[in-house]
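Report on the following structure.
What follows draws every value from the coordinates through simple rules; no lab data is involved. Quantities reported herein were computed from a predicted structural model and do not represent experimental measurements. So basically every Cβ, Gly included, is an ideal-geometry build from the backbone, and we count neighbours across all protein chains shown.
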Amino acid sequence: MLCMNILFDPINVVLATVVFVVGLKLWQVLGQRTGQEKLPPTPTFKTEPKANDVVLTPNQEEPRPIWQGYAEENSDLAKSLSALAATDPSFNPKSFLAGAKIAHERILEAFAKSDLPRLKQLLAKPVYRVFETEVNRRQQQGETAIFKFVGINSAKITSAKLQGKIAEVDVEFSSQMISAIKDKSGALLHGSEAAVDEVKELWSFERDITSRDPNWKLAETQDNG
């Protein structure tokens with residue numbers, strides 16, 4: 001009889017009912033998952049940087065001065081190159097010298113071949129007229145130019161200046177070449193067809209910095225031997 005009273009005690013009945021209801025709810029929620037259900041969204045957070053936060057930035061080197069490698073610090077040439085670059089942002093000594101070397105070889109070759117259209121593209125008008133006069137003289141005399149460019153030993157900028165809108169840069173060349181002039185009979189007048197000569201010259205290049213044409217032209221030549 002005592003056993004029956006324990007089994008049907010009202011508290012036990014209530015507890016058993018609660019356990020049954022909870023179990024039923026859990027089965028409805030968990031027992032029917034298929035693995036395809038959407039997960040709840042991941043919470044996002046927005047934080048503002050604090051005044052004492054450390055900010056990491058890429059390691060950036062200071063830009064080199066435009067004159068470095070081409071002039072002594074605080075020299076007139078260094079100041080001139082800096083002033084030219086400040087006025088004409090497209091100017092760079094490295095690319096300028098590379099172009100000057102190419103122009104040096106092409107001008108000498110065009111002159112030897114009497115290629116006036118080519119010279120007209122590379123020379124300023126006063127210099128072109130001088131070259132044109134000599135080319136015409138050679139042709140009238142029946143002379144032939146023998147020329148072979150061997151290479152450039154050195155090329156360095158010696159001065160730079162800006163006069164109004166015209167920039168002028170002087171380059172000292174030391175180059176090796178074979179050159180000779182023959183008369184119409186084939187007799188040698190000047191130079192040698194075999195000997196390699198070292199020639200030192202000072203060439204002045206100029207450009208209108210307001211022009212869309214980026215090319216520099218030869219404005220003057222001087223023997224610097």
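Remarks
- Sites listed here are trypsin sites (Lys or Arg not before Pro) in the range 144-225 whose DSSP assignment is loop and whose Cβ has at most 10 other Cβ atoms within 10 Å: Lys184, Arg212.
- Dipole size of the range 76-223 about its Cα centre, with +1 on Lys/Arg Cβ and -1 on Asp/Glu Cβ: approximately 420 debye, rounded to the nearest 20.
- Extension gain, Arg64 back to Asp88 (0.36 nm per residue minus Cα-Cα distance, nm): 6.9 nm
- In loop segments of the range 178-225 as defined by DSSP, the GluC sites (Glu not before Pro) with at most 12 further C-beta atoms inside 10 Å of their C-beta are Glu193.
- Taking 7 Å steps out from each Cα toward its Cβ at Ser75 and Ile152 produces label points 1.8 nm apart.
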